[in-house]
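See below for the structure under consideration.
The values are calculated or read from the model by the stated rules, or taken from the named source; none is laboratory data. Remember, predicted model here, so these are calculated numbers, not experimental data. Ideal geometry is used to build each Cβ from the backbone, glycine not excepted, and the neighbour counts take in all protein chains shown.
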Amino acid sequence: MSKATLPELPYAYNALEPYISEEIMTLHHKKHHQTYVNGYNTAVESLSKLGDDGSAARQHISLQSAIKFNGGGHINHSLFWKNLAPAGKTGLKPDGTLETTVLANTIDRDFDSFSKFKERFNQAALGIQGSGWAWLVLSTTNQRLDIITTANQDPVLPPFIPIFGVDMWEHAFYLQYKNVKPDYLSAIWNVINFVEAENRLNDGLSSKL
């Protein structure tokens, strides 16, 4: 199995300012995401060296937990970076509506309007106890959009396909927004990459994801 590696950002560390600071982006990517990559690779390597005898069962379980946590952190953050873009390149019009027709129409169908969707998404994100993620997902069972949350670094799993996610761990916002999560959420909508989100939606609808 090939080792996980830290992906490069598709923009500069300061490209999301003033909504997300260069300091946060640098630490979040170079330090936090790198830690998940390192932790995942270490756990996978250690697991591969264990025997199959019963005495190793507890170590297997412990390492599988580490793989889930660190591997999930790697998966989630790799998607998160793609789900962000500099303001003006996000597919969001100056009036706050979406340029992305398929995504906009699907949101209107499943949430009544973009503004109601944002309100529901913010409520879900603010309802997370401790650390976790808020997600816009596509359900493969009915081909409709939904909002879910995952705890810690748990990734989105079938029957859902992640369209975009927002990191609600404190390391994603605390240096800039302290503990005022509503301010962080208000800011991050300006840099959500709705073009990428629509691409993922189209791929999900055509079963490419």
Worksheet, complete the sentence: Going through (1) among the β-branched types (V, I, T); (2) more than 21 Å from V191 (Cβ to Cβ); (3) at pLDDT 95 or above; (4) surrounded by fewer than 13 Cβ atoms within 10 Å (Cβ to Cβ) one by one, T101 fails only at (2)
Discussion item. Among the residues that make up region 171-183, is at least one of them without any contact (Cβ under 8 Å) to a residue 40 or more places away in the chain, within 15 Å of the chain's Cα centre (by Cα) and within 17 Å of G130 (Cβ to Cβ)?
Written reply: no
Worksheet item: Going through region 140-185 one residue at a time, which ones are outside any helix (DSSP H, G or I), among the acidic types (D, E) and closer than 22 Å to L27 by Cα?
Response: D154, D167
Item to complete: Give region 81-92 a look and list any residue that's assigned to a loop (DSSP other than H, G, I, E, B) and surrounded by 12 or more Cβ atoms within 10 Å (Cβ to Cβ), or say none.
Response: N83, A85, P86, A87, K89, T90, G91
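Residue by residue, here is whether (1) of a type in the set (D, E, K, R); (2) in contact (Cβ under 8 Å) with a residue 40 or more places away in the chain holds:
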residue: P86; (1), (2): no, yes
residue: G96; (1), (2): no, no
residue: E119; (1), (2): yes, no
residue: I128; (1), (2): no, yes
residue: L136; (1), (2): no, yes
residue: G165; (1), (2): no, yes
Worksheet item: N105 fails exactly one of the following numbered conditions: (1) assigned by TED's automatic domain parsing to the domain that holds R144; (2) touching a residue at least 60 places away in the same chain (Cβ under 8 Å); (3) not basic (K, R). What is the number of that condition?
Response: (2)
Fill in: Tally of residues being over 20 Å from I148 (Cβ atoms) and surrounded by fewer than 19 Cβ atoms within 10 Å (Cβ to Cβ) across region 70-80
0
Worksheet item: Among the residues of region 127-149, how many are surrounded by 14 or more Cβ atoms within 10 Å (Cβ to Cβ) and more than 25 Å from S206 (Cα to Cα)?
Response: 4
Worksheet, complete the sentence: Here the residues within region 112-139 that are assigned to a helix (DSSP H, G or I) and among the charged types (D, E, K, R) are K116, K118, E119, R120
Discussion item. Considering only region 105-119, I want to know if a residue exists there that is small (G, A, S), at pLDDT 95 or above and buried (at least 21 other Cβ atoms within 10 Å of the Cβ).
Written reply: no
Worksheet item: Conditions: (1) at pLDDT below 95; (2) in a helix (DSSP H, G or I). G51 meets all but one. Number of the miss?
Response: (2)
